[in-house]
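The values are calculated or read from the model by the stated rules, or taken from the named source; none is laboratory data. What you are looking at is a predicted structure, and each value in this text was computed from that prediction instead of being measured. FYI the Cβ positions are ideal-geometry reconstructions off the backbone, even for glycines, and counts take in every protein chain you see.
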Amino acid sequence: MPSPSLAALGKESYISLATFRKNGSEVATPVWHVLLEDKLYVFTEASSYKVKRLRHNPAVKVAPCGTFGAVKGDWVTGQATIVNDCELSNRVYAALDHKYGWQMTLINVLSSIAGRISDRAVLEISLDCD
């Protein structure tokens, strides 16, 4: 099966994002994402282990997956960075709102109630594919 294109990955509801521990073992997590300007973007808690792992090793791989992380396509390698640009982060959140609609609204409300909405990080993923 050929590697999924960036456009095809962008249309998926979920992708599995694999980051790597210091010992080289991978940890995969299903995430929501958006495609903007030939890069994938995801959001997560800034204190999450995936963010901590990315600070040590920016290598990632992604694959289309189902809601609970069952991979349904080939993996594509890439690099991820933590976005520090507020304008870009706002564009990412607007795109996520558009893509996921009421589900994103619900997540935002719950995050606000829990006091965690300001503790998010946006990750930019550049893939090694078209």
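So, in segment 61-91, how many residues would count as being hydrophobic (A, V, I, L, M, F, W, C) and loosely packed, with under 13 Cβ neighbours inside 10 Å?
3
β-branched (Val, Ile, Thr), at pLDDT 95 or above and in contact with a Pro (Cβ under 8 Å, 6 or more places away or on another chain), is that true of residue 15?
yes
If I go through segment 50-88 residue by residue, how many of them are among the hydroxyl-bearing types (Ser, Thr, Tyr) and at pLDDT 95 or above?
Final tally of qualifying residues: 2.
Which residues, taken from segment 76-105, are of a type in the set (A, V, I, L, M), free of Cβ contacts under 8 Å to residues at least 60 places away in the same chain and touching a helix residue (DSSP H, G or I) at 6+ places or on another chain (Cβ under 9 Å)?
Listed by number, the residues that qualify are 82, 83.
Counting only residues that are part of a strand (DSSP E or B) and free of Cβ contacts under 8 Å to residues at least 24 places away in the same chain, how many does segment 41-75 have?
Total meeting the criteria: 0.
Go through segment 1-35 and give me each residue that's assigned to a strand (DSSP E or B) and free of Cβ contacts under 8 Å to residues at least 12 places away in the same chain.
Within segment 1-35, no residue meets the criteria.
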